[in-house]
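Structure, as structure tokens:
The values are calculated or read from the model by the stated rules, or taken from the named source; none is laboratory data. Values in this document were obtained by computation on a predicted structure and should not be read as measured data. So basically every Cβ, Gly included, is an ideal-geometry build from the backbone, and we count neighbours across all protein chains shown.
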């Protein structure tokens, strides 16, 4: 007989993990509400051209792409931003700005499965569209910090950079955009030597090479000091200087909120997606070497999809990665304790009464399971114990004649006879 297993890179989430994933999703949704982001739902399958337009070579090469039965080339979404940008370029084009949009769901990339990286993964995604102001970028950083705090994660560190610094230097050196994208892909993977070789082969000046080598080395947590070094380094490259100044404004706004956020500024930081134009960031915890989330500014994507020129900034958080981080930090779920009850009929003829009582309890918001295996009471109680239920409601013939049942507190090993109309009060305490 064939034994079926999950497809490589896909996972089953068992009840405890599923509960944790949904808990994080709930927190992400709550943060969206607190910041005024409205939820949208976009398709899992999109046009390949849409998803490939500015995804970057690394992502393009790992998309689940195929032809549908109508002969159209489509793909499973590898990230959310392209879908949201399509929506803003078309259906939402006349909506007043800014647009704050939130979505959550599964994404697909044909990556090599490894710790924290799977072919199906989950993200919560926030996009702020219509503002070019530094307060928009600051909001996305604050929002990410709010989510990390909301799930209870400790010692989060934000790695922050600005694409405009590197692009500003390369643009002034007349390096083609396609070549710039290759350079950024390599820098994203920290393959700096390979990246600098491409810069050299692109016919740039000796000064440019020296600057880029030094930028890669500039990093640190003393924000003002690092920004001063960056600015000094790119002197003479107007757009790169503007980019450093823009980053300084964003981080100044974040610090003015009074929220203490650990940050490391990296001048040579790049991200794999080609559409970024400004500030970029990722968030980490010390226990893991993979980002729990990341994002940045992308001011030209909506225009690329046929919409009006619309500046935008966004972030995506890995829900399954946040779960891993919570497990590593042993963070408990902060949920309201709900009482759980097993309803056990003493004999076959009382099954209808057991179902009737369970319906009444559920109507009062109590979590109820009914014994459906035909077990004797002793065995059913052992099963309720094993399932860590709080109470057992034993429906017996003698008690029913008096309009009552036996309620057993499984934690205290105590039981008493209670009138049916008083069961809810007793269980809810």
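Descriptive notes on the structure:
- Enumeration of residues in the stretch 147-170 that are part of a helix (DSSP H, G or I) and crowded, with 17+ Cβ neighbours inside 10 Å: 147, 148, 163, 164, 165, 166, 167, 168, 169, 170
- The set of residues in the stretch 245-267 being part of a helix (DSSP H, G or I), surrounded by 23 or more Cβ atoms within 10 Å (Cβ to Cβ) and over 23 Å from the mean Cα position of the chain (by Cα) consists of 247 alone.
- Hits in the stretch 276-289 (condition: surrounded by fewer than 22 Cβ atoms within 10 Å (Cβ to Cβ) and modelled with pLDDT under 95): 277, 289
- The strands (runs of 3 or more DSSP E) found wholly in the stretch 65-136 include none carrying at least 2 residues that are at pLDDT below 95 and in contact with a helix residue (DSSP H, G or I) (Cβ under 9 Å, 6 or more places away or on another chain).
- Of all residues in the stretch 204-220 being assigned to a helix (DSSP H, G or I) and under 31 Å from the mean Cα position of the chain (by Cα), the one that is surrounded by the fewest Cβ atoms within 10 Å (Cβ to Cβ): 217
- Residues that are more than 22 Å from residue 234 (Cβ to Cβ) and modelled with pLDDT of 95 or more, drawn from the stretch 262-275: 262
- Verdict on residue 343 being over 30 Å from residue 25 (Cα atoms) and modelled with pLDDT of 95 or more: yes
- Hey, residue 30 surrounded by 14 or more Cβ atoms within 10 Å (Cβ to Cβ), farther than 23 Å from residue 309 by Cα and out of contact with any strand residue (DSSP E or B) (no Cβ under 7 Å at 6 or more places or on another chain) or not: no
- Among the residues of the stretch 1-20, those identified as in contact (Cβ under 8 Å) with a residue 60 or more places away in the chain, surrounded by fewer than 16 Cβ atoms within 10 Å (Cβ to Cβ) and either in a helix (DSSP H, G or I) or touching a helix residue (DSSP H, G or I) at 6+ places or on another chain (Cβ under 7 Å) (or both) are 17, 19.
- Top-ranked residue of the stretch 221-231 - restricted to ones that are touching a helix residue (DSSP H, G or I) at 6+ places or on another chain (Cβ under 9 Å) and within 17 Å of residue 260 (Cβ to Cβ), ranked as surrounded by the most Cβ atoms within 10 Å (Cβ to Cβ): 223
- Considering the conditions (1) over 30 Å from the mean Cα position of the chain (by Cα); (2) under 17 Å from residue 213 (Cα atoms); (3) not in a helix (DSSP H, G or I), residue 196 is excluded by exactly one of them, (3).
- All positions within the stretch 374-398 that are farther than 21 Å from residue 429 by Cβ and in contact with a helix residue (DSSP H, G or I) (Cβ under 9 Å, 6 or more places away or on another chain): 374, 375, 395, 396, 397
- Criterion violated by residue 417 - all others in (1) assigned to a strand (DSSP E or B); (2) closer than 11 Å to residue 341 by Cβ satisfied: (2)
- Boolean, residue 59 is surrounded by 12 or more Cβ atoms within 10 Å (Cβ to Cβ), at pLDDT below 95 and outside any loop (DSSP other than H, G, I, E, B): yes
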